[in-house]
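First the structure, which I've put down as structure tokens, then a few questions once you've had a look.
None of the figures in this text is laboratory data; all of them are computed from the coordinates on show. Everything quoted here is computed from the prediction, not taken from an experiment. Virtual Cβ from ideal backbone geometry, glycine too; neighbours counted across all protein chains shown.
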């Protein structure tokens with residue numbers, strides 16, 4: 001069984017590395033660039049890289065785990081509410097960001113904000129905060145990969161996270177933005193194929209939807225209730241998750257940079273349709289797998305995040321299971337490479353080149369890019385040694401920190417002329433620090449409120465107040 005899993009995984013990794021090598025040669029020949037890939041993305045690559053970046057280990061590992069423990073409520077409040085908010089982000093931002101970024105020559109999100117607020121100090125601050133905030137995002141993905149390596153392949157968890165982290169750092173550092181986007185395209189295909197196979201097997205094994213609901217009701221009636229098992233989904237928690245989903249697509253650097261890198265604004269319409277179909281199927285399918293796992297597996301001694309992996313082992317043929325496992329790795333890799341690329345460009349371009357050494361050569365800039373990727377990778381590996389209780393929670397805490405810092409400077413910066421540097425700085429500082437405080441000190445959702453439910457409203461209020469009290 002393990003042999004077949006290895007064969008499929010190695011085949012998948014070989015494809016990914018071939019693409020990464022091709023993109024590194026393209027960069028070396030001057031046909032691409034490390035930041036936006038020459039603004040060359042077409043509609044389907046955009047749809048795939050955007051959706052694949054969003055669909056991380058939180059979707060493929062954390063999503064089934066949440067539904068395994070919380071029932072249909074976790075699918076309703078924790079996942080289904082994403083779709084309308086993602087749609088809102090696509091209608092508000094892409095065309096404006098694409099046109100503005102090209103007009104001002106911005107190749108990074110902090111660079112876009114530097115053009116708006118005329119402050120290198122502010123964008124340097126954002127680059128450092130992005131470095132900090134993306135570490136838990138990367139840690140969650142590395143931890144998920146370690147879970148799979150240990151449970152499926154029999155590889156020690158520590159070796160699993162080292163292998164996975166090393167592979168991604170290698171091809172992201174070498175291939176730049178094009179490597180990230182085109183590997184995301186392949187990874188999206190693996191995700192869809194894996195789910196098309198796994199979802200029917202999971203639901204059928206549980207006896208179909210009707211029988212599955214009866215089984216869930218027998219296990220705990222709360223599995224079918226809108227407030228979840230034991231009333232876990234309180235109104236305070238629901239509202240804070242809605243705030244998270246409502247704003248996360250509007251202030252997330254590794255998805256926003258996708259809008260800046262397309263050929264032209266005509267691609268957005270086709271991209272949106274393809275992305276929303278892909279995304280809806282993926283998140284819904286992962287949740288159904290978690291519910292089916294609860295019907296078939298009475299206990300997960302290692303924790304809820306093992307639900308999908310354990311279900312694959314018990315219900316799928318090794319060849320089929322190998323494809324599903326490759327899909328999990330694809331989800332993890334597509335988010336990690338995007339996060340690493342955004343951090344690498346922010347540190348090399350917005351912090352080092354713009355704030356420290358304006359005369360640096362392209363070769364020096366690329367070395368700083370690679371160094372930043374290595375730093376985030378190594379720190380994330382160290383944090384992943386003690387895996388988080390919930391991969392979904394850890395990832396969303398990091399994203400909440402980023403959004404609390406970036407939402408007002410980006411959105412208010414586009415739509416509100418009065419919004420100024422002082423307001424942007426105050427909003428970013430308050431939002432980012434409050435999110436980190438709620439994550440580290442208040443233990444996140446253990447407090448009954450997601451960090452986003454506190455940090456994002458605070459960042460908005462502070463930004464508005466400071467903008468109104470200072471010179472436009």
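Along Cα→Cβ, 7 Å out, is where each label goes; now give me the distance between the ones at residue 2 and residue 120 in nm to one decimal.
5.5
What's the FRET efficiency of residue 270 with residue 104 using the Cβ-Cβ distance as r and R₀ = 25 Å, to the nearest 0.05?
Values: r = 26 Å, r/R0 = 1.05.
Efficiency, from the Cβ-Cβ distance: 0.45.
Which length gain, in nm to one decimal place, applies between residue 44 and residue 440 when the Cα-Cα distance is subtracted from 0.36 nm times their residue separation? Provide the component values of the computation, followed by the final result.
Values: separation 396, 0.36 × 396 = 142.56 nm, distance 3.85 nm.
Full-extension gain reported as 138.7 nm.
Follow-up question, since we're still on this one. Using alpha carbons only, how many degrees (0 to 90, rounded to 10) separate the axis of helix 94-104 from the longest principal axis of the chain?
So the helix axis and the longest Cα principal axis differ by about 30 degrees.
Most exposed first by the Cβ proxy, i.e. fewest other Cβ within 10 Å, how do 56, 261 rank? Write down the numbers at each step before the final one.
On the way: 56 28, 261 23.
In increasing order of surrounding Cβ atoms, one gets 261, 56.
Now for a different question. Compute the long axis of helix 391-407 from its Cα atoms, compare it with the longest principal axis of the Cα atoms of the chain, and write down the angle in degrees, 0 to 90, nearest 10.
The helix 391-407 is inclined about 20 degrees to the chain.
Please report how far the C-alpha centroid of the range 132-170 lies from that of the range 225-257, rounded to the nearest whole angstrom.
Taking the Cα centre of the range 225-257 as reference, the centre of the range 132-170 is 25 Å away.
Which option, (1) 25; (2) 30; (3) 21, is the value of percent of Cα pairs over 37 Å apart that was calculated from these coordinates?
(3)
Quick check on the chain: helices-only [θ] at 222 nm, where DSSP H runs of length 4 and up contribute -39,500 (n - 2.57) each and the sum goes over total residues. Nearest 500, please.
Values: 19 runs with 343 residues, N = 472.
Value at 222 nm, helices only: -24500 deg cm²/dmol.
If packing is taken as the mean number of other Cβ atoms within 10 Å per residue, what is the order of 136-144, 272-280, 207-215, highest first?
136-144, 272-280, 207-215
Figure the gain on full extension for residue 371 and residue 189 (residue separation times 0.36 nm, minus the Cα-Cα span) and round it to one decimal in nm. If you can, show how the numbers build up before the last one.
On the way: separation 182, 0.36 × 182 = 65.52 nm, distance 3.06 nm.
Here the segment from residue 371 to residue 189 would lengthen by 62.5 nm.
Nearest 10 degrees, 0 to 90: what angle lies between the long axis of helix 267-296 and the longest principal axis of the chain (Cα atoms)?
For helix 267-296, the angle is close to 30 degrees.
So if each residue of separation counts as 0.36 nm, and I subtract the Cα-Cα distance between residue 363 and residue 417, what length gain in nm does that give?
Working: separation 54, 0.36 × 54 = 19.44 nm, distance 3.77 nm.
Difference between extended and current length: 15.7 nm.
Counting only Cα, what are the radius of gyration and maximum Cα-Cα distance Dmax of the range 297-389, in Å?
Taking only Cα atoms of the range 297-389, I get Rg and Dmax of 19.4, 62 Å.
Enumerate the residues in the range 279-321 having an amide nitrogen under 16 Å from the point lying 7 Å beyond the Cα of residue 218 toward its Cβ.
292-299
Which FRET efficiency value, to the nearest 0.05, is calculated for residue 10 and residue 83 with the Förster distance at 35 angstrom and r the Cβ-Cβ distance?
Values: r = 35 Å, r/R0 = 1.00.
E(calc), rounded to 0.05, equals 0.50.
Among 407-414, 7-14, what's the highest-first ranking by average C-beta atoms within 10 angstrom per residue? Please report the intermediate quantities before stating the final value.
Values: 407-414: 23.2, 7-14: 15.2.
My ranking of the peptides, most packed first, is 407-414, 7-14.
Continuing with the same structure: Using the basic label-point model (7 angstrom from Cα toward the beta carbon), what is the residue 18 to residue 447 distance in nanometres?
Going by the 7 Å Cα→Cβ label model, 4.9 nm.
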